[in-house]
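Have a look at the structure below before the remarks.
The values are calculated or read from the model by the stated rules, or taken from the named source; none is laboratory data. It should be emphasised that the depicted structure is a prediction, and the values quoted were computed from it without experimental measurement. Cβ sites come from the backbone with ideal geometry, for glycine too, and all protein chains shown count toward neighbours. Calculation scope for accessible area: heavy atoms of the full protein, side chains included, ligands and nucleic acids excluded. Shrake-Rupley method; radii C 1.70, N 1.55, O 1.52, S 1.80 Å.
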Amino acid sequence: MSIKRALLLLLLVVSAAFALLQVQKVPMALQYAFAAPKMTIEEKQPEEKTDSQQQEQQEQKKEEPKDSELTVLLKRLDGLLRENPGLSDARMAEGYLDGAQLKTPSGSGITARVIGLWGDTYMHPAPVLTAGRLLYPEELESGQRAAVLDEQTAVKLFRSGAPVGESFLLGEKEYQVVGVIRHARTPGEKEALRVQVPLKSLDQNGIQAQVLAVSLRVIPGQGAATRLKTLLENWQTGGALYQGSKERYRSLLPVRWLLCALGALALALMGRMLAQGGKFLYAAEKQRLQREYAAKRLPMWLLKGAGLLALWGLWLAGVYLVFSQAVAPVYIFPEWVPPVLVEWKDLSATFWNNRTAVTTLTEIRTPQVLELRFYHRLLTVLCAGIFLLLLKPFGVLRARVMGK
């Protein structure tokens, strides 16, 4: 192998290893994303009423405050999880708003992604805190106007890495900075700058989020993921469901198939070597029979035969391992397999069912899904490059084994 080819191969392997590590960092929660409901209750135009009717209506409003659409959704979600124990032990919701304008009293401003948080935020990996604190659960529940900035966001907005106690305007509402965290932008994020606030504060102050994503930590066993899928689709229609474990598995498929392809090449080479070795042993023993009796050579024949059979058994075990790992994804994605493999109608129906799932004109995605899809494409290119670079060295090695 030439030095250039070896260096390029090393670069591709290191890049693939880095992408593999990044994929492992993505949380594995089950996510259900949909268009965020209208923040705060829409006020209807008042009709002409008598003074007594207006007074009675005002008293009813004071006595019976109505929950917003978002609050109703979150309460229904908690109710569903209580009614179906054993499916999930943690839940959280995130509202995303891209292109939000943040302004300081001094007049400086930036454009950032606003993330509204609610629920069990510990489901995500704990960020590195550089100043202040994170949002308290009480603030998430009550909807206080508190904010946690990324370090880069804090520097660009306040020219300071620790602006704890400072205030900024979001949608004409004032938010107070309570903490600063360290965050590296991922391929799944559109905005370079981020700010985290309580989701209910967006709702209470009429700041409309674009996407709402609910994350659930699934309890293994008992078909919890399938049951949660049905519950979530009945809870809020029109959403997109993403299983973190399946999406991560999908992202790593190029690595799996690269290893299976390399294993198949190694087994092909091993099969050639065993076949050549068997012929060589046969020829050698045939010549020995001209000088020694067969009875004297019998113990050695049994020993060599047992060794050769053991190597062929190892080869068959390798074939089984490679084949089983190559087809293992169908157990994770049963929707890929038609009910009857030889029926054209079943093949066609399975194809179109899978295509329908990914060809919707409007798709709602989450940052985690976008990140995993990026690394899936990157790993596909890297693994294809690694395989192509190894084909020539494999051909040279195969020629040597064949004696050409």
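This table checks each residue for (1) under 21 Å from residue 27 (Cα atoms); (2) buried (at least 20 other Cβ atoms within 10 Å of the Cβ); (3) at pLDDT 90 or above; (4) more than 19 Å from the chain's Cα centre (by Cα).
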{"position": "195", "(1), (2), (3), (4)": "yes, yes, yes, yes"}
{"position": "198", "(1), (2), (3), (4)": "yes, yes, yes, yes"}
{"position": "205", "(1), (2), (3), (4)": "no, no, yes, yes"}
{"position": "213", "(1), (2), (3), (4)": "yes, yes, yes, no"}
{"position": "221", "(1), (2), (3), (4)": "yes, no, no, yes"}
{"position": "224", "(1), (2), (3), (4)": "yes, no, no, no"}
{"position": "231", "(1), (2), (3), (4)": "no, no, yes, yes"}
Residues satisfying the stated conditions in region 355-381, i.e. assigned to a helix (DSSP H, G or I) and more than 19 Å from the chain's Cα centre (by Cα): 355, 356
Return yes or no: is residue 189 crowded, with 16+ Cβ neighbours inside 10 Å and under 18 Å from residue 373 (Cα atoms)? yes
Selected residue [open to solvent by less than 30 Å² (accessible area, probe 1.4 Å), touching a Pro at 6+ places or on another chain (Cβ under 9 Å) and either at pLDDT below 90 or over 30 Å from residue 83 (Cβ atoms) (or both)] from 244, 278: 244
Just checking, does region 238-261 include any residue being more than 27 Å from residue 358 (Cα to Cα) and among the polar types (S, T, N, Q)? no
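Results for (1) on the phi < 0 side of the Ramachandran plot; (2) open to solvent by 10 Å² or more (accessible area, probe 1.4 Å); (3) without any contact (Cβ under 8 Å) to a residue 40 or more places away in the chain, shown as yes or no for each residue.
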{"position": "112", "(1), (2), (3)": "yes, no, no"}
{"position": "125", "(1), (2), (3)": "yes, yes, no"}
{"position": "132", "(1), (2), (3)": "no, yes, no"}
{"position": "135", "(1), (2), (3)": "yes, yes, no"}
{"position": "141", "(1), (2), (3)": "yes, yes, no"}
{"position": "146", "(1), (2), (3)": "yes, no, no"}
{"position": "152", "(1), (2), (3)": "yes, yes, no"}
{"position": "155", "(1), (2), (3)": "yes, yes, yes"}
{"position": "162", "(1), (2), (3)": "yes, yes, yes"}
Failed item, numbered, when residue 297 is tested on (1) surrounded by 14 or more Cβ atoms within 10 Å (Cβ to Cβ); (2) in contact (Cβ under 8 Å) with a residue 24 or more places away in the chain: (2)
Which residue, of 74, 30, 8, is farther than 30 Å from residue 183 by Cβ, at pLDDT below 95 and among the hydrophobic types (A, V, I, L, M, F, W, C)? 8
Count of residues meeting criterion [open to solvent by 50 Å² or more (accessible area, probe 1.4 Å) and either hydrophobic (A, V, I, L, M, F, W, C) or modelled with pLDDT of 90 or more (or both)] in region 90-108: 2
Would you mind stating whether residue 335 is open to solvent by 50 Å² or more (accessible area, probe 1.4 Å), under 30 Å from residue 186 (Cβ atoms) and either in contact (Cβ under 8 Å) with a residue 24 or more places away in the chain or of a type in the set (Val, Ile, Thr) (or both)? no
Top-ranked residue in region 361-404 [being within 19 Å of residue 262 (Cα to Cα) and of a type in the set (Val, Ile, Thr); ranked as modelled with the lowest pLDDT]: 401
Give me the pairs: first residue in region 252-280 and under 30 Å from residue 332 (Cβ atoms), second residue of a type in the set (Ser, Thr, Tyr) and modelled with pLDDT of 90 or more, beta-carbon distance under 6 Å, and six or more apart or on different chains, which are they? 254/380
Can you name the residue in region 309-354 that is in a loop (DSSP other than H, G, I, E, B) and not acidic (Asp, Glu) and is also modelled with the highest pLDDT among such residues? 328
Kindly indicate whether residue 115 is touching a Pro at 6+ places or on another chain (Cβ under 7 Å), within 24 Å of residue 33 (Cβ to Cβ) and β-branched (Val, Ile, Thr). no
